[in-house]
Amino acid sequence: MKRRQRQRQILELLQLDPELGVDDACAKLGASAATIRREFAQLATEGRVEKTWGGIRLGPSTPEPTGPAAFQHRLTENAAEKRAIAEAAAQLLEDGDVAMIDGGTTTYQLCEFIALKRIRIITNSLVIAQAVDRLKGRQRGAEIYLTGGILQPESSVLSGPPAEAFLKRYHARWAFLSAAGVDAKEATNHNEAVLASERLMIEQSERVALLVDHTKLGQRAMCGLCSLTKVDRLFTGATPESRKFARAQDGAKLQIHLADFTGR
């Protein structure tokens, strides 16, 4: 695992619990005590955390957690797989591209890998816009276009007529979306309020990439998002379940990328 990724995981754990011990971090991240102590020391030196007896805690200068609590909790589910999926999907983007990115915990992981690319990002997600801006800092990188709309409190996604009108003004090379379920025929989602915006991202983009962890495969949520015939690339983690799903799609237009997340 890269050092920056491990440090980011540590900070995400602190967003769920303001104090973190060495033993607990070792168990959750699968790293040695010596490695965890080095990461703790580096984060403390940078002023991002404060040292405690046997661990670290959020300090007064530590940024507030991004996004609502429910979103933060979902970030920790299959986190290594989601990161691997996002890292693979980010390779699709080149300098000069325009990308539409839907809000979600897997699409959120794209931020780390695209913030410094010289691209334009059109998103309906407050947390994605904030994360890209924070990761970019004062360096040149992604330019962010944030839709207006009605705030969905559990996801910090903007929806409704203002968001839809905004999306209609632009075209993109790629749309990156997540889903609550993907079966043999279609992608589905839970939140009906954001479906219109997600469908517009598909319509306004030349190509569509779907980012889902393996637990979403073979599942169907309440609301139909789109047929898989509208998806060009599907990124998921390399697991027995996802390999079985990929074999069932053999011969279809859909290209499936299985991201290896072992050892992360």
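The values are calculated or read from the model by the stated rules, or taken from the named source; none is laboratory data. Owing to the predicted nature of the structure, the values given are computational and were not obtained by experimental measurement. In this analysis, Cβ positions are derived from the backbone assuming ideal geometry, glycine residues included, and neighbour counts consider all displayed protein chains. Side chains included, ligands, DNA and RNA excluded: accessible areas come from the protein's heavy atoms. Shrake-Rupley method; radii C 1.70, N 1.55, O 1.52, S 1.80 Å.
How do Ser155, Ser125 rank by accessible surface area computed with a 1.4 Å probe, from largest to smallest?
I get Ser155, Ser125, largest accessible area first.
Kindly express, to the nearest 10 degrees and within the range 0 to 90, the angle between helix 3-16's C-alpha long axis and the longest C-alpha principal axis of the chain.
Helix 3-16 sits roughly 90 degrees off the main axis of the chain.
Which net charge results for the neighbourhood of Lys168, defined as the other residues with beta-carbon distances under 14 angstrom from its beta-carbon, given Lys and Arg at +1 and Asp and Glu at -1?
Around Lys168, the charge tally is -1.
What is the pair-distance distribution P(r) of the chain, computed from all Cα-Cα distances in 5 Å bins starting at 0, with each bin given as a whole percent?
With a bin width of 5 Å, the distribution comes to 1, 6, 13, 17, 18, 17, 12, 8, 5, 2, 0, 0.
What percentage of the solvent-accessible surface of region 129-264, computed with a 1.4 Å probe over protein heavy atoms, is contributed by carbon and sulfur atoms?
Carbon and sulfur atoms account for 48 percent of the accessible area of region 129-264.
Accessible area, 1.4 Å probe, largest first: how do Tyr145, Tyr108 sort?
Output order, biggest surface exposure first: Tyr145, Tyr108.
In square nanometres, what is one fourth of the surface area of the convex hull spanned by the alpha carbons of region 109-264?
Answer in nm², one decimal: 9.6.
Full-extension gain between Gln249 and Ala165, please, as 0.36 nm times their residue separation minus the C-alpha to C-alpha distance.
Taking 0.36 nm per residue and subtracting the Cα distance, the gain is 26.8 nm.
Suppose every K and R has +1 on its Cβ and every D and E has -1 on its Cβ; what is the size of the dipole of region 93-177 about the Cα centre, in Debye to the nearest 20?
Charge dipole, region 93-177, about its Cα centre: 320 debye, nearest 20.
Tally the DSSP beta bridges in region 1-125 and give the antiparallel ones as a percent, rounded to 5.
Beta bridges within region 1-125, antiparallel portion: roughly 65 percent.
Cα-based Rg of region 85-191 per 2.2 N^0.38 Å, rounded to two decimals?
Compactness ratio reported: 1.04.
For the chain, what is the mean residue ellipticity at 222 nm derived from helices alone (per DSSP H run of n ≥ 4: -39500 (n - 2.57); sum divided by total residues; nearest 500 deg cm²/dmol)?
Helix-only estimate at 222 nm: -10500 deg cm²/dmol.
If the reach is capped at under 28 angstrom between alpha carbons, list the lysines near Lys253, excluding any in the same chain fewer than eight residues apart.
Those lysines meeting the cut-off are Lys82, Lys168, Lys185, Lys216, Lys230, Lys244.
Over every pair of different alpha-carbon atoms in region 147-223, take the mean of 1/r and invert it; report that Kirkwood radius in Å.
About 13.1 Å for region 147-223.
Return one whole number: the accessible area per residue of region 188-264 in Å², for a 1.4 Å probe.
So region 188-264 comes to 52 Å² accessible per residue, rounded to a whole number.
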